[in-house]
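The values are calculated or read from the model by the stated rules, or taken from the named source; none is laboratory data. Remember, it's a predicted structure, so these values are computed and weren't measured experimentally. Neighbour counts run over all protein chains shown; Cβ positions are idealised from the backbone, glycine included.
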Amino acid sequence: MDKGWIKLYRKISENKLWICEPFTRGQAWVDLLLLANHEYGFFYCREHKVEVKRGFVGWSELKLAERWKWSRTKVRKFLKDLEKEQQIIQHKSQSYSTIEIINYEIYQEKEQQEIQQENNRKTTGKQQQDTNKNDKNKKNDKNIDIVQNFYDSEIKKSQNNENYVNFVNILFGKNSLSKKLDRVLSMPIQVSFEQFKTIDQYKHNHKVTISDYLVSMENYKDLLKKNTTVQGTLLNWIRRDLKRQQ
């Protein structure tokens, strides 16, 4: 299958063809991405103002069940599955709930990066190539800043968890290469604190050195060709080695 992406306008979520039949699981996941706020918003629930940040979905299980033409039980199971796969985080209270799309910001930025790269390929000439090189450097710096902001936010969520902070520091230079792991940091889906907990379990249960694996990933030239998630790639490499050692 060819790599790439397509533009999918949010207005499609209102099209009769989109909502005329019961949703598939894949369609429901795409629908959540379409329903997620792309800017700050809010709604009122029982006279309480509920904030819905960028990347959050302010729909209840009941409303999603009606929209997807599913039972409420099926919706609840689907959302739990997504949460287990660390694609969403559910934020619930007694009166309302919101759904956070994990890595929403990085996903959006990756799309913009692909647009710019496609535009760059349509230009020719040495002068333009030099300009593109400078633009690419600036873009890479911008992407790193976005990833840095993501990790700063996750560190706050973790309440400065020491193990998670050490993991982030490895990515940003405290490693055997003494430099930022640019390839790893360029992967579309980075490691939230919730995702890190699984990595941390492997570290303690199997005595693996996470830093060594991250450096190996950085040194792998084809890392970005087939791999998109830092956590998934890292765990696959660890599991592969553990299997060999058995």
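Would a scan of the range 17-24 turn up a residue that is of a type in the set (Val, Ile, Thr), surrounded by fewer than 14 Cβ atoms within 10 Å (Cβ to Cβ) and modelled with pLDDT of 85 or more? Yes, the range 17-24 has at least one match. Taken over the range 212-246, the criterion of being among the acidic types (Asp, Glu) and out of contact with any Asp or Glu (no Cβ under 8 Å at 6 or more places or on another chain) is satisfied by 212, 222, 241. Among residues of the range 215-240 being closer than 10 Å to residue 183 by Cβ and among the polar types (S, T, N, Q), the one that is surrounded by the most Cβ atoms within 10 Å (Cβ to Cβ) is 227.
If only residues of the range 190-211 that are loosely packed, with under 12 Cβ neighbours inside 10 Å and in a helix (DSSP H, G or I) are counted, the one that is modelled with the highest pLDDT is 201. Do you know which residues across the range 30-78 are on the phi > 0 side of the Ramachandran plot and modelled with pLDDT of 85 or more? Selection gives 55, 69. The residues of the range 177-195 that are without any contact (Cβ under 8 Å) to a residue 40 or more places away in the chain and not small (Gly, Ala, Ser), listed by number, are 179, 180, 181, 193.
Taking residue 7, is it part of a strand (DSSP E or B) and either on the phi > 0 side of the Ramachandran plot or modelled with pLDDT under 90 (or both)? Here the answer is no, as residue 7 does not meet what is asked. In the range 132-145, is there at least one residue being part of a helix (DSSP H, G or I), at pLDDT 60 or above and assigned by TED's automatic domain parsing to the domain that holds residue 30? Scanning the range 132-145 turns up no residue that is part of a helix (DSSP H, G or I), at pLDDT 60 or above and assigned by TED's automatic domain parsing to the domain that holds residue 30. For the range 155-173, the criterion of being in contact with a helix residue (DSSP H, G or I) (Cβ under 8 Å, 6 or more places away or on another chain), at pLDDT below 90 and under 24 Å from residue 82 (Cα atoms) is met by no residue. Residues in the range 44-87 that are outside any helix (DSSP H, G or I) and hydrophobic (A, V, I, L, M, F, W, C): 7 in all. Reported count of residues in the range 9-63, each being over 20 Å from residue 103 (Cβ atoms), touching a residue at least 24 places away in the same chain (Cβ under 8 Å) and β-branched (Val, Ile, Thr), is 2.
Step by step: first the residues of the range 169-189, then only those that are of a type in the set (S, T, N, Q) and buried (at least 16 other Cβ atoms within 10 Å of the Cβ), then the one that is farthest from residue 157 (Cα to Cα). Which residue is that? So the residue we want is 175. Candidates are the residues of the range 27-55 that are touching a helix residue (DSSP H, G or I) at 6+ places or on another chain (Cβ under 8 Å) and of a type in the set (Gly, Ala, Ser); the one that is surrounded by the most Cβ atoms within 10 Å (Cβ to Cβ) is 36.
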